[in-house]
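This is the structure I want to talk about, given as structure tokens.
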Amino acid sequence: MRTAAAAGEMPLVESDLRHAILTGDQPPGTSVPIDEVAAFFGVSAIPVREALKTLFGEGLVEHRPHVGYRVAKLTFLEFRELYDVRQALESAALRAATVNATSVDHDRIRDAHGSLADAGAAGDREYAAATRRFHFALIEPSGMHRLIRMYETAWNITEPARPMSRVREHERAGFHADHERLIAAYVARDTETLIAESERHYAHLKSAISEFADDPECFADPA
């Protein structure tokens, strides 16, 4: 977790816990002891419980009776299911985004793609964050705010496993080529080619993550 709030500042229990989970500081399966978290933030157990209830609703933590909370750990099949959800939502948003996007949006997407290339050499955490920025830049012009929130929820649930930190360099290069084709179709407002390229990109993603489907540090035992 990040450091506790400075003197006179309100501790940001919920947002800091969420940040620690999404960035991998607290990996899937990590216990979240309420009393220890409360002591860290210098608060009572009440705001910690409230924060954990919110994160439970977001699918980021799970609760076991008589045991407590821990960072949610998906099975590989659950993880793949969420990638299917992300793909369906992204495809729907892309159709609207290509119609609404302006030249400013196109520039923002190109900038996000450029930063993604730089992040590949900067480290896994930077690469994961840049990947997220790129995909959200593609769909934000859709104006489909409820859909984007659902997409964000699905993305967040898969993020703690840090899938992009496990893919190999040649796979990242393949993703980068996918992104270039996505941008070309997007800017040309060629919706059908864009959707086809998006489907190909997700097929590549699913193939890459299937290579570590049996990794117990990443996924829960399906039994």
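Six or more apart or on different chains, Cβ atoms under 7 Å: show the pairs whose first residue is in region 107-118 and free of Cβ contacts under 8 Å to residues at least 60 places away in the same chain and whose second is open to solvent by less than 80 Å² (accessible area, probe 1.4 Å) and of a type in the set (Phe, Trp, Tyr).
Ala112/Phe134
May I pose another question? Looking at His176, His113, can you tell me which residue is in contact with a Gly (Cβ under 9 Å, 6 or more places away or on another chain) and either in a helix (DSSP H, G or I) or at pLDDT 95 or above (or both)?
His176
All but one of (1) open to solvent by 40 Å² or more (accessible area, probe 1.4 Å); (2) modelled with pLDDT under 95; (3) of a type outside the set (D, E, K, R); (4) under 15 Å from the mean Cα position of the chain (by Cα) hold for Val67, so report the exception by its number.
Result: Val67 passes all but (4).
With respect to Leu82, is the statement that it is buried (at least 17 other Cβ atoms within 10 Å of the Cβ), modelled with pLDDT under 95, within 17 Å of Ser198 (Cβ to Cβ) and of a type in the set (A, V, I, L, M, F, W, C) true?
no
Please work out which one of (1) assigned to a loop (DSSP other than H, G, I, E, B); (2) modelled with pLDDT of 95 or more; (3) hydrophobic (A, V, I, L, M, F, W, C) is the condition Val43 fails and give its number.
(2)
Further question: Out of everything in region 148-167 that is part of a helix (DSSP H, G or I) and in contact with a Cys (Cβ under 9 Å, 6 or more places away or on another chain), what residue ends up being farthest from Ala208 (Cα to Cα)?
Among those that are part of a helix (DSSP H, G or I) and in contact with a Cys (Cβ under 9 Å, 6 or more places away or on another chain), it is Ala161.
Next up: How many residues, within region 164-189, are open to solvent by 60 Å² or more (accessible area, probe 1.4 Å) and closer than 26 Å to Ala92 by Cβ?
Final tally of qualifying residues: 5.
Do any residues in region 52-80 that are under 11 Å from Ser31 (Cβ atoms) have Cβ atoms under 9 Å from those of residues that are surrounded by 16 or more Cβ atoms within 10 Å (Cβ to Cβ) and among the acidic types (Asp, Glu), where the two are at least six apart or on different chains, and which pairs are they?
Tyr69/Glu62; Arg70/Glu62; Val71/Glu62
The values are calculated or read from the model by the stated rules, or taken from the named source; none is laboratory data. Here the structure is a predicted model, which means the values were calculated and not measured. Methodologically, a virtual Cβ is constructed for each residue, glycine included, from the backbone with ideal geometry; neighbour enumeration extends over all protein chains shown. Keep in mind that these areas ignore ligands, DNA and RNA; they rest on the heavy atoms of the full protein, side chains included. Shrake-Rupley method; radii C 1.70, N 1.55, O 1.52, S 1.80 Å.
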